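Here the structure is laid out as structure tokens; the discussion comes afterwards.
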Ligand SMILES: [Zn+2]
């Protein structure tokens, strides 16, 4: 992976989103929860997309979700991902409600592929997944999703 | 579909305005022309088609992708030498923008704000730099790029396609039927970017771009442009050209709504009924459709959402030549559409409108002209099917 090109695509860490990225580094999916209507949101935002309230707390989410859809990218649209194709993207509906697009952890995990893990299998829609946290080239830890058994559940 | 002869009534204020000029740039690769120059060429082309000149124009419309200051109409109005403008609008809605512009021009004319409205679009994504219509940075990160993992526009259409397949049993072969129909139409269009007739096998054997979408499921990338002229009934009466009625129009938006999102339908479910109601017709009355075709899945979902078939039945609906002119049940995109003919500046709204005008005037290419074409529907999908989108639907009619 072209690490410099990839770094440019990642959002900067700011005071507002720092709790999210700190959570990733700690292996937790942290989401903002509206103090007024209770809605969880992703990505971070200064106001609630439901009620526009400015007050929210950061909560540790379950990390659980289901695959709403997935696709395999073959085209080299991004220089940073040119040597990653084909790669699978999963569109995950988190248990708390928000949608997240990320990659399948097993696809970047050689040991899973070697042991006949999910990367060699078809994915099923509505299949349960859970967030796992892996450092990407350059060191940023991002949430990915795994179809395997969730640790500690 | 069956026509509704003799049952059309005089409609609303929209009937105060008609389309009187339309022009599609013949070029698909224009390395030596500037973006502004293409706007100028299509402006002159559409005005000449109407029997008008730039001096007659008092309303001007273009998108934020037009070159110049601030995004919008200012620089192009200056470049075109439009000195007597009384109405200007650069409503930005991605590829659907020109359809908004035609509708808004009709509304402005009905309100007496202008009488000769020019709408232009030009783009050079094939041989030049394509300015976006995006404007300043978004207020928050988008959910699809907040932890950037290589998802782009095409991937979200692929995600929508797979979900549609999962929920309704839609197949790649059914999506391919849409490209097959477009390619047959393009083979009659000497200006089409892709003129080869494709089979279902050709489509599903083309390279994967974002599985389940193949290269042939995607629109072409072309330079070019087009323009449309909308005038008051009074101006139209002074001209020799056959007018096209603007019978009804509807607009809508379906945004990410903070993640409450379902990709198996588009905002056409709202814009369509608004347009049909205003026009006083139903999907069964429509003889021809121009449907935004950024990808085959876009067409499939929009056909369902506009009520040409039930949700989930789009795959079966498009089989057996339904979309193929001149004798299919619902011929679509008879110029070859964005899938095979032209998608100038990644914005198909103008070519969708132009081909509907050709059909209603009986000026479509030989081999694809629908006999006795009375009512046409034009639908644009702006933005991204897989995240946030805007829809504009217009019902056009042959002038009695
Ligand atoms: Zn709230």
message: Only Cα pairs within less than 10 Å get springs; with that Gaussian network setup on chain B, which residue of B:44, B:350, B:302 has the largest fluctuation?
response: B:44
- request: Specify the inter-centroid distance of the stretch B:17-70 and the stretch B:72-130, based on alpha-carbon positions, in whole Å.
  value: 9 Å
task: Quickly work out the residue B:199-to-residue B:84 label distance, labels modelled 7 Å from Cα along the C-beta direction, and quote it in nm with one decimal.
output: 5.9 nm
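Tell me whether the stretch B:130-261 comes out rounded, prolate or oblate; compute the Cα gyration tensor, take square roots of the eigenvalues as a ≥ b ≥ c, and use a/c under 1.5 as the rounded threshold.
Oblate shape, in that a/c is at least 1.5 and b/c is the bigger or equal ratio.
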Segment residue B:242-residue B:215, length gained on full extension (0.36 nm per residue, minus Cα span): 5.8 nm
message: Counting other beta carbons within 10 Å of each residue's own, what order do B:299, B:324, A:47 fall into, fewest first?
response: A:47, B:324, B:299
query: Taking 0.36 nm per residue of separation and subtracting the Cα-Cα distance, what length does fully extending residue A:66 through residue A:126 add?
result: 21.1 nm
- line: Shielding of A:78-87 by other chains, given as the mean Cβ count within 10 Å, works out to 2
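Can you sort B:179, B:184, A:18 from fewest to most other Cβ atoms within 10 Å of each residue's own Cβ?
Least crowded to most crowded, the residues run A:18, B:184, B:179.
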- line: With the label point 7 Å along the Cα-to-beta-carbon line of residue A:79 and a cut-off under 14 Å to each amide N, the hits in the stretch A:1-17 are A:1-10
The protein assembly as shown: calculated mean residue ellipticity at 222 nm from DSSP helix runs of at least 4, using -39500 (n - 2.57): -7500 deg cm²/dmol
Highest to lowest packing among B:373-379, B:116-122, scored as the average C-beta count within 10 Å: B:116-122, B:373-379
query: How high is the relative contact order of chain A, given as a whole-number percent (alpha carbon pairs under 8 Å, six or more residues apart)?
result: 22 percent
statement: Taking a label point 7 Å from the Cα of residue B:372 along Cα-to-Cβ, the residues of the stretch B:274-318 whose backbone nitrogen sits under 18 Å from it are B:282, B:284-289
- request: Return the average number of partner chain Cβ atoms within 10 angstrom of each residue Cβ along peptide B:209-219.
  value: 3
- request: Could you pull the Cα extents of the stretch A:3-146 along its three principal axes, largest to smallest, in whole Å?
  value: 47, 35, 27
query: Taking every residue in B:166-175, how many Cβ atoms of other protein chains lie within 10 Å of its Cβ, on average?
result: 1
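Given a Förster distance of 51 angstrom, what is the FRET efficiency for residue A:37 paired with residue A:134, based on the Cβ-Cβ distance and rounded to 0.05?
Computed FRET efficiency for residue A:37 and residue A:134: 0.95.
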message: Which of B:125, B:243, B:207 ends up with the largest GNM mean-square fluctuation for chain B, with Cα atoms connected below 10 Å?
response: B:207
field: Relative contact order computed over the stretch B:215-289 (Cα-Cα under 8 Å; 6+ residues apart), in percent
entry: 29 percent
query: Which order, highest average first, do B:18-31, B:147-160 follow once you tally other Cβ atoms within 10 Å for each residue and take the mean per peptide?
result: B:147-160, B:18-31
statement: The residues B:327, B:101, sorted from fewest to most surrounding Cβ atoms within 10 Å, come out as B:327, B:101
message: For Cα pairs less than 8 Å apart in space and 6+ apart in sequence, what is the mean separation divided by the residue count of chain B, i.e. the relative contact order in percent?
response: 25 percent
message: Over chain B, with a Gaussian network built from C-alpha contacts below 10 Å, which listed residue (B:15, B:335, B:372) shows the highest mean-square fluctuation?
response: B:372
statement: Note on the stretch B:27-149: alpha-carbon gyration tensor, axes a ≥ b ≥ c; rule is a/c under 1.5 for rounded, else prolate if a/b larger than b/c, else oblate; result oblate
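No value in this document is a laboratory result; all are computed from the given coordinates. Note that the coordinates shown come from a computational prediction; the quantities given were computed from them, not determined experimentally. Positions of Cβ are generated from backbone atoms using ideal geometry, with glycine treated the same way; all protein chains shown enter the neighbour counts.
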